[in-house]
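Below is one structure; the comments refer to it alone.
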Amino acid sequence: MVTSLSEKICTACRGDVAPLKDTELATLHEALNEEWRVVDDQRLEREFKFKNFVEALAFTNAVGALAEEQNHHPDIYLSWGMVRVTLWTHKAGGLTENDFILAAKIDCLV
């Protein structure tokens, strides 16, 4: 289950999904690249480094296209040679499996 996060598809959140806690949160976090951080048990965040602005922008555009495809949209901060991606499920008020699925898919882009 957990090892195939990147193969899953984000599902539409109906708003009645509770955010992940404790063991569920830790188990999914362990399945991701170790550079993903869980912030305040409510957000996933990772910074990606690039050689220049052009590479960072290309990655940002790829993340945007992937997010649109999955209908799950992160916050993306673009700077020279760096992109920070922050994920959480707004309707749940925290992290859901969708956030981990999208994080795993984003990792496949680098």
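Please rank Glu68, Glu47, fewest neighbouring Cβ atoms within 10 Å first, as an exposure proxy.
Numbers: Glu68 10, Glu47 14.
The most exposed by this proxy come first: Glu68, Glu47.
Tell me, Thr96, Thr86, Thr27 in order of fewest to most beta-carbon neighbours within 10 Å?
Working: Thr96 24, Thr86 16, Thr27 13.
With the sparsest Cβ surroundings first, the list reads Thr27, Thr86, Thr96.
Among the lysines of the chain, pairs at least eight places apart or on separate chains and with Cα atoms under 28 Å apart come to 9.
Counting neighbouring beta carbons within 10 Å and listing from fewest to most, the residues Arg84, Arg43 come out as Arg84, Arg43.
If you take the Cα Rg of the stretch 39-110 and divide it by 2.2 N^0.38 Å, with N the number of residues, what do you get? Could the numbers behind the result be given before it?
Numbers: Rg = 11.9 Å, N = 72, 2.2 N^0.38 = 11.2 Å.
Normalised Rg, Cα atoms only: 1.06.
Phi angles across the stretch 4-9 convert, under the Karplus curve 6.51 cos²θ - 1.76 cosθ + 1.60 with θ = phi - 60°, into 3J(HN,Hα) values of 10, 4, 5, 8, 7, 10 Hz, Gly and Pro given as x. Spatial offset of the stretch 90-110 relative to the stretch 1-42 amounts to 6 Å, using the alpha carbon center of each.
Coordinate-derived values only; no laboratory data. These figures come from a predicted structure and were not determined experimentally. Cβ: placed from backbone, ideal geometry, glycine included. Neighbour counts: every protein chain shown.
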